[in-house]
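> Take this structure first; my questions come after.
Bear in mind these aren't lab numbers, they're just calculated from the coordinates by the rules spelled out. Computed from a prediction, not measured in an experiment: that's the story for all the values here. Heads up, the Cβs are rebuilt from the backbone with ideal geometry, glycines too, and the neighbour counts pull from every protein chain shown.
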DNA sequence: TGCCTAGTTGGCAGTTAATGCCAAGTAGGC
DNA sequence: GCCTACTTGGCATTAACTGCCAACTAGGCA
């Protein structure tokens, strides 16, 4: 039906406008210091409607994570079967880098997240859902008895890879985006896997 | 001064009573479904006072994490100088295990945290602070030029160790505490460091 | 054209966590 | 028994949400 598509489109435009307002205000005066009322006022909608677009204030910053998680999972899944779990996950993250926003926007959002403890925690918590979804995908690459016993290995490897990705991003933000994020990720993983 | 000590003592007794009430209610009816008003009522104090003992509702569950973080740092610091960063951190976690509460209480709290997203996020936030505090401690064990350039290695190693500890705890909770937590931790770390 | 229906919007009231303020109480030290 | 330091409770307020209802808007159809 065209109807649905049209509606969705205008919805997306509205959502983007709200998002731009919110991110601008967050960057200008900080996340905690910005109220929903102010965002709604400046975006020209009611507070009530804002909550219909974004269920929570935090979703204004880490809202579209869900879509990225799906992309990550699919990418890892599609790597050649003979590729190791580590390499497949690395390939997945590499795709995420390009799929994100512009580098500037990504840096701005990342800075917001890493500078705001509550946001950072919430962001990590959202990613825990990605991790859970990745378990079966990784497990098949471990040559595991894909049986009932939950193999700690998949969970641990995924958690580690995310920990390194997070660390790399934090370093990247700390350097104002001047270093290469993929390089930093490789350095982090090397520090973990290739040291005494 | 004895005065201060006495006051502190009665404060601690009161805090413990509030805590017991809160944890009982959380276990009975869930974290989100339990209001501060109800806890205060059943503990026999005013809402206002409850917030003076525990700054936030979340602190009722992960409040004494701060003290544990301090203990972790001190323990890691005091390991023999020739011990590797990995082993020193492991020793730190081992001390935490015994310093926690009884195994039952720890299991109860852990289950609450892992089952409640907002709590889990808050818990992660506290752990991020531990991680930051550990950076200098770990860095000296890496034979690093302890200079200005922030070495990614310390950050990455710490993040990984915490990721494995978290994974181990999640598995432990999933098995109702029947497996050994330290064993699970070792399995997680082995999966990360000793695999192709 | 004009109605019908589905879906959106905004306002309003209410809940919950959290903070500031002030007055009342309480427990040592003199 | 008073003074001081500290705690407590009540009140008001803010900010993030949520439910409810009435008003609006845009296709579909006669």
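> Any chance you could give the angle, 0 to 90 degrees and rounded to 10, that helix B:117-141 forms with the longest Cα principal axis of chain B?
That works out to roughly 40 degrees.
> Run a plain Debye calculation on the range A:64-109 (Cα atoms as equal point scatterers, no solvent) and give log10 I(q)/I(0) at q = 0.20, 0.32, 0.33 Å⁻¹, rounded to two decimals, same order as the q list.
-0.65, -1.12, -1.15
> Still on this structure: Going by the alpha-carbon gyration tensor, a ≥ b ≥ c the square roots of its eigenvalues, is the range B:82-129 rounded (a/c under 1.5) or, if a/c is not under 1.5, prolate (a/b greater than b/c) versus oblate? Write down the numbers at each step before the final one.
Details: a/c = 3.67, a/b = 1.57, b/c = 2.33.
Taking the square roots of the gyration eigenvalues as a ≥ b ≥ c, the range B:82-129 is oblate.
> Also, quick follow-up: Given that compact globular proteins tend to follow 2.2 N^0.38 Å, what is the ratio of the alpha-carbon Rg of the range B:47-146 to that value? If you can, show how the numbers build up before the last one.
On the way: Rg = 15.7 Å, N = 100, 2.2 N^0.38 = 12.7 Å.
For the range B:47-146, the normalised Cα radius of gyration comes out at 1.24.
> Quickly estimate the mean residue ellipticity at 222 nm for chain B, helices only: each DSSP H run with n ≥ 4 gives -39500 (n - 2.57), and the total goes over all residues, rounded to 500.
Working: 10 runs with 149 residues, N = 196.
That comes out to -25000 deg cm²/dmol.
> Quick one: Cα centre-to-centre distance for the range A:88-165 and the range B:116-133, in angstrom?
About 17 Å separates the Cα centre of the range A:88-165 from the one of the range B:116-133.
> Anyone know which of B:78, B:90, B:122 comes out most mobile in the 10 Å Cα GNM of chain B?
B:78
> The range B:168-196 to the range B:56-87: how many Å between their Cα centroids?
19 Å
> Roughly what % of Cα-Cα distances in the range B:154-196 sit above 12 Å, to the whole percent? Each step should come with its number before you reach the end.
Numbers: 523 of 903 pairs.
Above the 12 Å cut-off, the range B:154-196 has 58 percent of its Cα pairs.
> Now for a separate question. Taking chain A as a Gaussian network, where each spring joins two C-alpha atoms under 10 Å apart, which residue of A:53, A:31, A:123 fluctuates the most?
Fluctuation is largest for A:53.
> Classify chain B as rounded, prolate or oblate from the Cα gyration tensor: take a ≥ b ≥ c as the square roots of its eigenvalues, call it rounded if a/c is under 1.5, otherwise prolate when a/b beats b/c and oblate if not.
Details: a/c = 2.29, a/b = 1.60, b/c = 1.43.
Judged from the Cα gyration tensor, chain B comes out prolate (a/c at least 1.5, a/b above b/c).
> Find every distance from the label point of residue B:104 to the corresponding label point in the other copies (7 Å from Cα along Cα→Cβ) and write them in nm, one decimal, shortest first.
With the label placed 7 Å along Cα→Cβ, residue B:104 yields 6.1 nm.
> Can you compute the equivalent ellipsoid semi-axes for the protein assembly as shown, i.e. the square root of 5 times each eigenvalue of the Cα gyration tensor, sorted largest first and rounded to whole Å? Numbers along the way, then the final one.
Details: eigenvalues 220, 196, 96 Å².
Over the Cα atoms of the protein assembly as shown, the semi-axes work out to 33, 31, 22 Å.
> Can I ask one more? Helix B:103-115 sits at what angle to the longest principal axis of chain B, using alpha carbons and giving 0 to 90 degrees rounded to 10?
In chain B, helix B:103-115 runs at an angle near 90 degrees to the longest axis.
> Which distances, in nm and shortest first, link the residue A:44 label point to the same label point in every other copy, taking 7 Å along Cα→Cβ?
Nearest to farthest, the other copies are at 6.0 nm.
> Tilt of helix B:85-99 relative to the longest C-alpha principal axis of chain B, in degrees (0 to 90, nearest 10)?
For helix B:85-99, the angle is close to 20 degrees.
> Which whole-number percent is the relative contact order of chain B (Cα, under 8 Å, 6+ apart)?
Working: 128 pairs, mean separation 33.0, N = 196.
Taking the mean separation of contacting Cα pairs over the length of chain B, I get 17 percent.
> With springs only between Cα atoms under 10 Å apart, run a GNM on chain A and tell me which of A:54, A:93, A:114 wobbles the most.
A:54
> Could you grab the Rg to Rh ratio for the range B:100-196? Cα atoms only, Kirkwood for Rh. Intermediate values should be presented prior to the final figure.
Working: Rg = 15.5 Å, Rh = 15.0 Å.
Rounded to two decimals, Rg over Rh is 1.03.
> For label points placed 7 Å from Cα toward Cβ, what is the shortest-first list of nm distances from residue A:82 to its copies?
Nearest to farthest, the other copies are at 4.5 nm.
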